[in-house]
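Only one structure is covered here, and it is reproduced in the block below.
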Amino acid sequence: MPQFFIDERRIVDRQFNVQGDDLHHLLRVRRVKPGDRLQFRDERGRLYETKVSSVGDETIKCTVLSRSEPVENSFNLRLAVAVLKGKKFDLVIQKAVETGVSEIIPVTTERTIPEFGDNIQKKTERWQRIAHEASKQSLRQTMPVIRDVESYGELVKCGYDGCNILAHADPKSNDLRTFLKETPPPSEVTIIIGPEGGFSGKEVEIARGFNWNVLHTGISQFRAETAAIVIPAIILYEWGWR
């Protein structure tokens, strides 16, 4: 059974009520009954083992049996990825969360196709819901944050602490595999993945100008949505669990 998330402030005298979307899922899909055991995590990643005390049409009451602290993970992978058309971006968010990405930043680039208009807030809310569901299903200790859409130029100029990587399908750029093996693992990584048409030459030079590491996988030229899933997984494998 997947875990669920709970605001620790709602726990009073070791009890709390489940409402909203989780209530519907537990009632209609899981069909929980009194005595069933459920797992919840709070915003700090602490795990609560609970027992269902009562079930009603408008709420499920749970009693906390035990609480355990999260396993500390000092590695933070931030994925900045160009917004893709259709439901490809939904897939990227879902799989990136399952892989272990800590934060996702939707990015607009020169070759970004989707236009948001007045729907940007609805889009962001939808992406956060997808991240929430993926976090429950994959038993994440914490739920990744979906940031507001940001322009490529502002993102690159801003930069972040730790290691900054631009994934670019150009064999003339440095090799990702060699870079990961020869570079001491940092505690924080930001990686930018481009759109369907890739980054423009101008965008690549801008990144180099702000000291981003322009790297390619040396395997094959991935589709944009594949790169946004595979490359973070490679980085997490090489650096995330040392």
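The values are calculated or read from the model by the stated rules, or taken from the named source; none is laboratory data. Values in this document were obtained by computation on a predicted structure and should not be read as measured data. In this analysis, Cβ positions are derived from the backbone assuming ideal geometry, glycine residues included, and neighbour counts consider all displayed protein chains.
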- Query: Is it true that some residue in region 42-64 is at pLDDT 95 or above, surrounded by fewer than 18 Cβ atoms within 10 Å (Cβ to Cβ) and β-branched (V, I, T)?
  - Reply: yes
- Task: Report whether or not L23 is more than 23 Å from V101 (Cα to Cα) and either crowded, with 16+ Cβ neighbours inside 10 Å or in contact with a strand residue (DSSP E or B) (Cβ under 7 Å, 6 or more places away or on another chain) (or both).
- Result: yes
- Task: Go through (1) exposed (fewer than 15 other Cβ atoms within 10 Å of the Cβ); (2) free of Cβ contacts under 8 Å to residues at least 60 places away in the same chain one by one and return the number of the condition P70 breaks.
- Result: (2)
- For residues that are outside any strand (DSSP E or B) and either free of Cβ contacts under 8 Å to residues at least 24 places away in the same chain or among the aromatic types (F, W, Y) (or both), scanning just region 1-20, find the one that is surrounded by the most Cβ atoms within 10 Å (Cβ to Cβ). R10
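Take the residues of region 42-69 that are β-branched (V, I, T) and part of a strand (DSSP E or B): which is nearest to the chain's Cα centre (by Cα)? First the steps, then the outcome.
So the first thing to find is which residues in region 42-69 are β-branched (V, I, T), and the list is 50, 52, 55, 59-60, 63-64.
Then drop every residue that is not part of a strand (DSSP E or B), which leaves 50, 52, 55, 60, 63-64.
Numbers: T50: 26, V52: 30, V55: 32, I60: 29, T63: 30, V64: 28 Å.
So the residue we want is T50.
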- Could you say whether any residue in region 112-119 is surrounded by 17 or more Cβ atoms within 10 Å (Cβ to Cβ), farther than 23 Å from E196 by Cα and polar (S, T, N, Q)? no
- Message: One residue is enough: does region 78-87 have a residue meeting the conditions in contact with a helix residue (DSSP H, G or I) (Cβ under 9 Å, 6 or more places away or on another chain), of a type in the set (V, I, T), outside any loop (DSSP other than H, G, I, E, B) and crowded, with 21+ Cβ neighbours inside 10 Å?
- Response: yes
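Please go through region 171-186 and pick out each residue that is without any contact (Cβ under 8 Å) to a residue 24 or more places away in the chain and basic (K, R).
K172
So is I105 at pLDDT 95 or above and in the same structural domain as G194 (by TED's automatic domain parsing) or not?
Numbers: at pLDDT 95 or above: yes; in the same structural domain as G194 (by TED's automatic domain parsing): yes.
Considered against the rule, which asks whether it is at pLDDT 95 or above and in the same structural domain as G194 (by TED's automatic domain parsing), I105 comes out as yes.
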- Item | Boolean, L38 is within 19 Å of T142 (Cβ to Cβ) and either among the acidic types (D, E) or in contact (Cβ under 8 Å) with a residue 60 or more places away in the chain (or both) | no
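Looking only at region 93-104, decide whether some residue is closer than 16 Å to V149 by Cα and among the acidic types (D, E).
Quick first cut of region 93-104, residues closer than 16 Å to V149 by Cα only: 93, 103-104.
From what's left, among the acidic types (D, E): 103.
Yes, the conditions are met somewhere in region 93-104.
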- Message: Checking the conditions here, which among I146, I60 is outside the structural domain of V12 (by TED's automatic domain parsing) and under 27 Å from I11 (Cα atoms)?
- Response: I146
